[in-house]
1. Hey, could you check the range 60-100 for residues that are in contact (Cβ under 8 Å) with a residue 60 or more places away in the chain and among the hydroxyl-bearing types (Ser, Thr, Tyr) and say which is most open to solvent (accessible area, probe 1.4 Å)?
2. Could you say which residue among His84, His76, His71 is over 18 Å from the mean Cα position of the chain (by Cα) and not hydrophobic (A, V, I, L, M, F, W, C)?
3. Of the conditions (1) exposed (fewer than 14 other Cβ atoms within 10 Å of the Cβ); (2) at pLDDT below 90; (3) under 19 Å from Trp103 (Cα atoms), Ile127 fails just one. Which one is it?
4. When the residues of the range 1-58 are narrowed to those that are surrounded by fewer than 10 Cβ atoms within 10 Å (Cβ to Cβ) and of a type in the set (S, T, N, Q), which ends up farthest from Ile180 (Cα to Cα)?
5. Taking strands (runs of 3 or more DSSP E) that do not extend beyond the range 1-109, which have at least 2 residues that are under 25 Å from Asn122 (Cα atoms)?
6. Return yes or no: is Trp103 open to solvent by 40 Å² or more (accessible area, probe 1.4 Å), over 21 Å from Gln73 (Cβ atoms) and either among the β-branched types (Val, Ile, Thr) or free of Cβ contacts under 8 Å to residues at least 40 places away in the same chain (or both)?
7. Working carefully through the options Val68, Val96, Val87, find the one that is modelled with pLDDT of 90 or more and not small (Gly, Ala, Ser).
8. Out of (1) within 17 Å of Ala80 (Cα to Cα); (2) under 18 Å from the mean Cα position of the chain (by Cα), the odd one out for Ile153 is which?
Amino acid sequence: NGTCSKIPYQEEVPKAMKCKDILPIREKNGAILVWFDVDGKEPHWEVPDLFEGEKDKYKYIARARHAVHTHIQEIHENGADSAHLAVVHWRTLFRVPILWHQWGIKWEPKPDAKHMSNFTVNEQMKIGNWAVPGTTVNVEGHHIGAGLVHFKIHTIFGQLLVAFQLLPLEGFLQDSVYQIWAKKSVPTFLAKIAVQAWVN
């Protein structure tokens, strides 16, 4: 609400310590989100709860952060370009030369929420034409606004959740952050292998 609540080096907080212009703020899915509208309008949509009210069933696994030199719009356009997966990401997330990835993807706008689009991805690792058992991964996801993507990754070991956030630093420089959680039943070392594949 713009009121200073604590100053680390003194007990009393002066009553005059208050901001006048406060942008709408939400704390959601492990991030602090700030709404900015060039015309000063209030938020007309909310960010969905990635955990769907079941955060206590998940454990935090990792955070990956990169500086991406591109326009913020290109990230979502890349997601909508389903053909690129088979061409760019076929060999291989794990960078093991004999493995390759077979991808299937569907992307569509969400008609009742113009700030969102939905996508599903099916992925399986192969050696030649032989499908490696246990490597099938199904992903449900949502692009949300200009800077958020949510992923639900279904594996034979259990579900992983990913919140991908973009923060524009300059016109063509984005701070890209992935936060990853796993169901408590998923062994942590397996979740970390998935994270490493993601980072690769």
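1. Among residues in the range 60-100 that are in contact (Cβ under 8 Å) with a residue 60 or more places away in the chain and among the hydroxyl-bearing types (Ser, Thr, Tyr), the one most open to solvent (accessible area, probe 1.4 Å) is Tyr60.
2. It is His84.
3. Checking Ile127 against (1) exposed (fewer than 14 other Cβ atoms within 10 Å of the Cβ); (2) at pLDDT below 90; (3) under 19 Å from Trp103 (Cα atoms), the one that fails is (2).
4. Within the range 1-58, the match that is farthest from Ile180 (Cα to Cα) is Gln10.
5. Because the criterion is at least 2 residues that are under 25 Å from Asn122 (Cα atoms), the strands (runs of 3 or more DSSP E) in the range 1-109 that meet it are 58-68, 99-109.
6. Yes, satisfied.
7. Of Val68, Val96, Val87, the one residue that is modelled with pLDDT of 90 or more and not small (Gly, Ala, Ser) is Val68.
8. Unmet condition: (1).
The values are calculated or read from the model by the stated rules, or taken from the named source; none is laboratory data. Remember, it's a predicted structure, so these values are computed and weren't measured experimentally. Cβ: placed from backbone, ideal geometry, glycine included. Neighbour counts: every protein chain shown. All accessible areas refer to the heavy atoms of the entire protein, side chains included, with ligands and DNA or RNA removed. Shrake-Rupley method; radii C 1.70, N 1.55, O 1.52, S 1.80 Å.
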